[in-house]
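Here's the structure, in structure tokens; my notes come after.
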Amino acid sequence: MAQPKKLFIKTYGCQMNVYDSSRMEDVLKPLGFETTDGPEDANMVILNTCHIREKASEKVYSELGRLKNIKKKRNDDNEMVIAVAGCVAQAEGEEISRRAPYVDMVFGPQSYHNLPEMLAKAHRAGDGKGRGILMTDFPEEDKFDFLPDPVKPEGYTAFLSIQEGCDKFCTYCVVPYTRGAEYSRPVAHVLKEARQLVEQGALEITLLGQNVNAYHGDDGRGGEWTLGRLIRELAEIDGLERIRYTTSYPAEVDDDLISAHADVPQLMPYLHLPVQAGSNRVLAAMNRNHTREEYLEIIAKLKAARPDLALSSDFIVGFPGENDRDFEDTLDIIRQVGFIQAFSFVYSARPGTPAATMDLQVDKAVANERLQVLQKLLVDIQTKFNEDCIGKEFPILLERVGRKDGQLVGRSPYMQPVHVEAPVDLIGQIRDLKIVSARPNSLGAELKGTAAK
Ligand code: 5AD
Ligand code: SF4
């Protein structure tokens, strides 16, 4: 038998990229590839890249520099193919081959089902230098029709991509350009993949999409399903205990989705609903399609449907034109909603987006200061939320052994890591556990009947 070839995929950016990387593994496994932990012994290295902020993009070129040195030492019997995938590949295409001519292939998020064909081409081209294979079209065909059945990653939680692309054109964002127009996978495909994941042992599925609540999947009967409808149907799958979805767009939260939060117990009471900023002026300049008041009203409706719901968000500080007052409005909305988790960033001007050429770009030092203030507030709220969990009982999905002997680590409904002393045979179960301690980033729990004497 031929020696297995080794594959190393380095993933940057969002959960959609994490999903895409595991699907690339699924495509390459039948060609004899096994995954490895680093580039040193890899025969194929894929950088699955993120273009959302300048820092994320630039990381790719420094990583490529390191790979070049490893590749130089290889020969024909132990070749190394270097590929750049994902959103930097989509956005920069040929520029990558120009800056890093030793790269063999560059392909966007809609092309990775063609990996076998690209590899065959690379081998025909064969001289060990860069082979210049470029695939960054948005093909007519649906890549999902060409991908093999997914192999669920180890563990009890799985991602399922149901929607891709974005038509919202927030003025700072590259996603509509790198991921293309909104597209929803047909209902039947989503349900089939979900059933397979559950059969393979998934207890929790996170539905993924750049704009997941804009989902409008073809139902095969001339109609379309919303996300709310899809969630209700998924909840019927025996053995699927937890459903999550991310990332949502506030202006697309409809009544059907809100009522799913009331009716579907499997839908976790934790929602990532990025608001980005709290000032109406800034929200308008960002083209977010909602005001702060409208956002707060959506939250009120969601909480009326599911009173134990908690929220997380993304924030951008230092958007062009943001003044101290605007920033205060952002702090204020954070206090009002009490976001228990958040990703926050200094605005990064992205080439080709409308905001990049707006007047009144904010001084970097000012933006960094604002970021510090905002992050401190978020940490305080998160710490307080965790402390308030003490004494409560939550269902915890026990996922793996912990670092300490006899300890297991699980996840609460709110995604908090939870440590508990418990026997290993509880791994893969959801148990109601009492929370007994809190840290800024995790909780400690106790199995019933095991309290210290
Ligand atoms: N600068 C800073 N942050 C950005 N994001 C998107 N584009 C930019 C940008 N140009 C943030 C948003 C988004 C998250 C994924 O990344 O907060 O929700
Ligand atoms: Fe980017 Fe806005 Fe689309 Fe989100 S909704 S992906 S921030 S354009």
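Worth pointing out:
- In nm, spacing of pseudo-spin labels at GLU387 and LYS364 (7 Å Cα→C-beta vector): 3.7
- Loop exposure criterion: GluC sites (Glu not before Pro), DSSP state outside H, G, I, E and B, at most 12 other Cβ atoms within 10 Å. Applied to the chain, the longest stretch between such sites is 237-453.
- Here the chain is treated as a sphere whose radius is the Kirkwood value from Cα pairs; by Stokes-Einstein at 10 °C and 1.306 mPa s it diffuses with a coefficient of 67 µm²/s.
- For segment 149-268, relative contact order (Cα pairs under 8 Å, six or more residues apart, normalised by length) works out to 26 percent.
- Fraction of beta bridges assigned by DSSP in the chain that are antiparallel (%, nearest 5): 35
- Segment 373-423 and segment 184-206 have Cα centres lying 27 Å from one another.
- Rounded to the nearest 0.05, the FRET efficiency derived from the C-beta distance between ARG195 and ASP324 at R0 = 41 Å is 0.20.
- Segment 149-268 shape via C-alpha gyration tensor axes, a/c threshold 1.5: prolate
- Where trypsin sites (Lys or Arg not before Pro) fall in DSSP loop in segment 33-101, at most 15 other Cβ within 10 Å: LYS73, ARG74
- Hits among lysines - C-alpha to C-alpha of LYS384 under 25 Å, sequence gap 8 or more where chains match: LYS301, LYS303, LYS376, LYS392, LYS434, LYS448
- Only beta bridges with both residues in segment 269-388 are counted; by DSSP, about 0 percent of them are antiparallel.
- Unpartnered cysteines - no second Cys beta carbon under 4.7 Å - across the chain: CYS14, CYS50, CYS87, CYS166, CYS389
- Each label was represented as a point 7 Å from its Cα along the Cα-to-Cβ direction; for ILE70 and SER259 these points are 5.3 nm apart.
- Close Lys pairs in segment 1-87 (alpha-carbon distance under 17 Å; sequence gap of 8 or more, or different chains): 11.
- For the chain, calculated [θ]222 nm from helices alone, where every DSSP H run of n ≥ 4 adds -39500 (n - 2.57): -10500 deg cm²/dmol
- Residue exposure proxy: MET268, MET358, MET118, ordered by other Cβ atoms within 10 angstrom of their Cβ from fewest to most, comes out as MET358, MET118, MET268.
Since every read-out is calculated from the coordinates, none of them should be taken as a lab result. Every value quoted in this text rests on a predicted model; they were computed, and no experiment measured them. Here the Cβ is made from the backbone with ideal geometry for all residues, glycine too, and neighbour counts use every protein chain on show.
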